[in-house]
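Structure first, then comments.
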Amino acid sequence: MTAEAGHRGRQRTRFLLLYALAVAGGSIAYAPLLTLLLPGRIMDLASDAGVSWIAYLTFAGAICASIANIAFGWASDLTGGRRGYIWAGLVLSGGLLVAMPYATGFMQLLILICCWQIALNMMLGPLFAWAGDCVPDRQKGLLGGLLSVAPALGALSGAIVTFSGFAAVLDGFGARLIAVALMVAGCVMPVLLFGRPKHIAALEPHAVRGARSAVPPQRKQIVVRMWLARLLVQICEAALFAYALLWFASIDPSLDERGTAQVLSAVLIVAVPLALFTGRWIDRRDRPILPLAVCALVAAAGLALMALAQSPAQAIASYVLFGVPAAAFLSLHTSQTLRVLPDPARRGRDMGVFNLTNSGPSLVMPWLVLTLVPLFGFSGLLALLAMLCGAAALLLATAPRVAPAPYAPVQVAPEQA
């Protein structure tokens, strides 16, 4: 059997499901903390300086996350193993998360957030690269659909830890973070213990002949366009990720952290079937770029309507129009990125470079918010974000079709037990 045929082989469904659950654990690790729990904690500690604290902590954390994701992804390439880094990152990030309540000043929070981001990306960098080692192109659409469960569970975990019914059990900031750490461990550990992916030799680095020299200019153009498009969408996502609570409150003060968490959860849950359906369509039609362009265009329309929202109903409806396609875009984009990476021997490093589109916007977004919101309000910010999302749609809509990578004829190894 040729490598191309092996590349078209299928990975075990069990591994795909457990892997998606592990990625969801990564979302649970940061979504409740950065969206709800940490902003609430900062507002208690800093009061009027809360917005500035969030901006500076987000900026510093994003720098640490960017460097750590590339470094540990590249290290897992060089050592030829992913699991050890994932285990270490899981343990360290969980411990630092539980220690967060002991930070009561700005510098203490800054140090803890930076260390936590480094530990978390020790886990996430190799985890994302692991999919490239195991999942063939014909299942990457399905993988992207399954990955849409990750942000949904991340938001759902935020709704759980802020739900009033759990107040007696999860009393206070520290108890909620312990619950988050336990949920993360429960999601990540199963794939490490029971995943047992089938070995597909055509996905091994040596299966690609002259990977660097064989990449045509057209394919390089796709890589650049996909990177830029994700960066633009992530700037929009990052702005609302950090400031959704404040934006909803500016429309209606009764929309508190619990109400915001419920809206975020509902949007991301609705995005799951959309991403699954679209991912299966991508696998059948082998058209990975077109659905991404459509999702970005609809998300841009949602942002434009958010800029015009005047009532709670309008705010929630327009956020749904943005959030559902944006969530589907990001999960599908993650899996399709693995199709276009130029060097299979450096999947961890290259996924870390693509991860700059996740963490990089956090370096830009705080200054956009601090510059635009005082002058034009959230409406001016949202109008700019709508234009950025529209530009992402244009980049992808005009991109050439993805060509398959060149594979050398090698034999497919037998399945691993």
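The values are calculated or read from the model by the stated rules, or taken from the named source; none is laboratory data. All of these numbers come straight from a predicted model, not from anything done at the bench. Positions of Cβ are backbone-derived with ideal geometry, glycine not excepted, and every protein chain shown enters the neighbour counts.
I need the full set of residues from region 9-21 which are in contact with a Pro (Cβ under 7 Å, 6 or more places away or on another chain) and either aliphatic (A, V, I, L, M) or buried (at least 21 other Cβ atoms within 10 Å of the Cβ) (or both), in order please.
Gln11, Leu18, Leu21
Quick check on region 90-97. Is at least one of its residues surrounded by fewer than 17 Cβ atoms within 10 Å (Cβ to Cβ), of a type outside the set (Asp, Glu), out of contact with any Cys (no Cβ under 6 Å at 6 or more places or on another chain) and outside any helix (DSSP H, G or I)? Give the steps one after another, and end with the answer.
To start, the set of residues in region 90-97 that are surrounded by fewer than 17 Cβ atoms within 10 Å (Cβ to Cβ) comprises 91, 95.
Retained after the next criterion (residues that are of a type outside the set (Asp, Glu)): 91, 95.
Checking the rest, the ones that are also out of contact with any Cys (no Cβ under 6 Å at 6 or more places or on another chain) come to 91, 95.
Of the ones still in play, those that are also outside any helix (DSSP H, G or I) are none.
No, every residue in region 90-97 fails to be surrounded by fewer than 17 Cβ atoms within 10 Å (Cβ to Cβ), of a type outside the set (Asp, Glu), out of contact with any Cys (no Cβ under 6 Å at 6 or more places or on another chain) and outside any helix (DSSP H, G or I).
For region 222-253, give me each residue that is over 30 Å from Pro312 (Cβ atoms) and among the small types (Gly, Ala, Ser). Break it down into steps so the answer makes sense when it comes.
Step one: of region 222-253, the residues over 30 Å from Pro312 (Cβ atoms) are 222-231.
Result: Ala229, single match.
Among the numbered criteria (1) free of Cβ contacts under 8 Å to residues at least 24 places away in the same chain; (2) under 20 Å from Gln336 (Cα atoms); (3) not small (Gly, Ala, Ser), which single criterion is violated by Pro126?
Single failed check for Pro126: (1).
So that you can scan it fast, the table gives a plain yes or no per residue for (1) assigned to a helix (DSSP H, G or I); (2) modelled with pLDDT under 80:
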position	(1), (2)
Leu370	yes, yes
Leu375	yes, yes
Leu381	yes, no
Leu388	yes, no
Leu396	yes, no
Arg401	no, yes
Pro404	no, yes
Val412	no, yes
Gln416	no, yes
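I'd like to know if region 345-367 contains one or more residues that are over 14 Å from the mean Cα position of the chain (by Cα), part of a loop (DSSP other than H, G, I, E, B) and at pLDDT below 90.
no
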